[in-house]
Amino acid sequence: MPDVSLELDTPELAQRYEQISQNRQFKAGQALIATLGPTAGVQVLDIGAGTGLLAEYVAGLVGADGHVTGIDPLPLRIELAKRKARANLTFVVGDALDLGIFAEAQFDIVYLNAVFHWISDKPEALRQIFRVLKRGGRLGISTGSKDHPNLIQAIKAKVLARAPFSAHPEGRSGGPGHVSADELENLFTGAGFTVEQVDVIPNLHFHPSAAAAIEFSQASSFGNFLGHLPEDLRSQARQEIEAELDVLKTPEGIRFERARLVAVAVKP
Ligand SMILES: C[S@@+](CC[C@H](N)C(=O)[O-])C[C@H]1O[C@@H](n2cnc3c(N)ncnc32)[C@H](O)[C@@H]1O
């Protein structure tokens, strides 16, 4: 289970995420939304909406008669998201594990884009999502696949196994709590959902430099990447990770090959 801190985000990381996610999480999110196919007039909940880019896009699809609500536990990200709010798009600080603020059967669609791996109690989150979905309502999840680990997590684990970092265990097993396709299917059925699809989508990305790859990880993890280390050790760890990554640099950049799960489940 990930032991994630919500206290490490900064205005700079939130702003940076808004920029770097446009070419990454936002694009993956658009593919998830295409799979869910929201039509005009539907009620949508975006869990872990971050700075609200994807929710804003979905609000454009559901039209004036529909509505998108975005929740995220990070106040700094919701602050940026709220700048995008309009009549059919609202944002509120909130958590996947605390959906009691919503009525039973309120939503036609609930989705989590690049969020599920951060949630500590996944069965509980799915139970709560099941409650707020209408019958026939659909849950969409796009998240990194546990069976296709990220290069940077592997290098980070290697560096953190060394002294002096090894004296400060991370408190979670190698970063975010990714699941495999089979585990996700079991989680869905365990919460009462019917599984519509769990697809494994390969993904290839080149980071231009080691520094860019680390910056991406820091903004996407809202400061959790190396956040468990005492502050005076963070820049040393960062330098050692950069050095390991730089060795892998090709003329195209540093190659990150992985896969994400794109999954849809229905409340029967
Ligand atoms: C990589 S960002 C994804 C943001 C957005 N969904 C997107 O597509 O750009 C991960 C988000 O998950 C949120 N998150 C982490 N734990 C959460 C939880 N328990 N409930 C809801 N959101 C959570 C974080 O606050 C962060 O904004």
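Structure summary
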read-out: Top-ranked residue in the range 121-147 [being small (Gly, Ala, Ser) and within 14 Å of the ligand (Cβ to nearest atom); ranked as farthest from VAL44 (Cα to Cα)]; value: GLY144
read-out: Residue ranges of helices (runs of 4 or more DSSP H) in the range 1-120 with at least 1 members away from the ligand (no atom under 11 Å from the Cβ) and surrounded by 19 or more Cβ atoms within 10 Å (Cβ to Cβ); value: 25-36, 53-62
read-out: Residue list for the range 15-55, restricted to those being among the aliphatic types (A, V, I, L, M) and under 15 Å from the mean Cα position of the chain (by Cα); value: ILE20, ALA28, ALA31, LEU32, ILE33, LEU45, ILE47, ALA49, LEU53, LEU54, ALA55
read-out: Residue that is farthest from ALA213 (Cα to Cα) [pool: residues in the range 157-199 that are touching a Phe, Trp or Tyr at 6+ places or on another chain (Cβ under 7 Å) and modelled with pLDDT of 95 or more]; value: GLY192
read-out: Residue pairs meeting the criteria (Cβ under 9 Å; at least 6 apart or on separate chains; first within 18 Å of ILE254 (Cβ to Cβ) and aromatic (Phe, Trp, Tyr), in the range 215-229; second assigned to a loop (DSSP other than H, G, I, E, B) and more than 10 Å from the ligand (Cβ to nearest atom)); value: PHE225/GLY175
read-out: Any hit, the range 78-91, residues being touching a helix residue (DSSP H, G or I) at 6+ places or on another chain (Cβ under 7 Å) and touching a residue at least 40 places away in the same chain (Cβ under 8 Å); value: yes
read-out: Unmet requirement for VAL132, which otherwise passes all of (1) within 27 Å of GLU56 (Cβ to Cβ); (2) modelled with pLDDT under 95; (3) of a type outside the set (Asp, Glu); value: (2)
read-out: Number of the exception - GLY37 against (1) closer than 30 Å to ALA211 by Cβ; (2) free of Cβ contacts under 8 Å to residues at least 24 places away in the same chain; value: (1)
read-out: Helices (runs of 4 or more DSSP H) within the range 163-268 that include 2 or more residues within 29 Å of ALA125 (Cα to Cα); value: 181-190, 210-220
read-out: Meets criteria (under 24 Å from ASP121 (Cα atoms) and touching a residue at least 60 places away in the same chain (Cβ under 8 Å)) for LEU74; value: yes
read-out: Test: residue in the range 229-245 that is within 21 Å of ASN23 (Cβ to Cβ), surrounded by 15 or more Cβ atoms within 10 Å (Cβ to Cβ) and modelled with pLDDT of 95 or more; value: yes
read-out: Meets criteria (touching a Phe, Trp or Tyr at 6+ places or on another chain (Cβ under 8 Å) and of a type outside the set (Ser, Thr, Tyr)) for PHE222; value: yes
read-out: Search result, residues across the range 102-120 that are over 13 Å from ILE47 (Cα atoms) and either in contact (Cβ under 8 Å) with a residue 60 or more places away in the chain or in contact with a Pro (Cβ under 7 Å, 6 or more places away or on another chain) (or both); value: GLN106, ASP108, SER120
read-out: Lone unmet requirement of (1) free of Cβ contacts under 8 Å to residues at least 40 places away in the same chain; (2) within 25 Å of GLN197 (Cα to Cα); (3) out of contact with any helix residue (DSSP H, G or I) (no Cβ under 7 Å at 6 or more places or on another chain) for PHE26; value: (3)
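The values are calculated or read from the model by the stated rules, or taken from the named source; none is laboratory data. Worth saying up front: this structure is predicted, and the values here are computed from it rather than measured. Because the Cβ atoms are built from the backbone with ideal geometry, glycine has one as well, and the counts that use them run over all protein chains shown.
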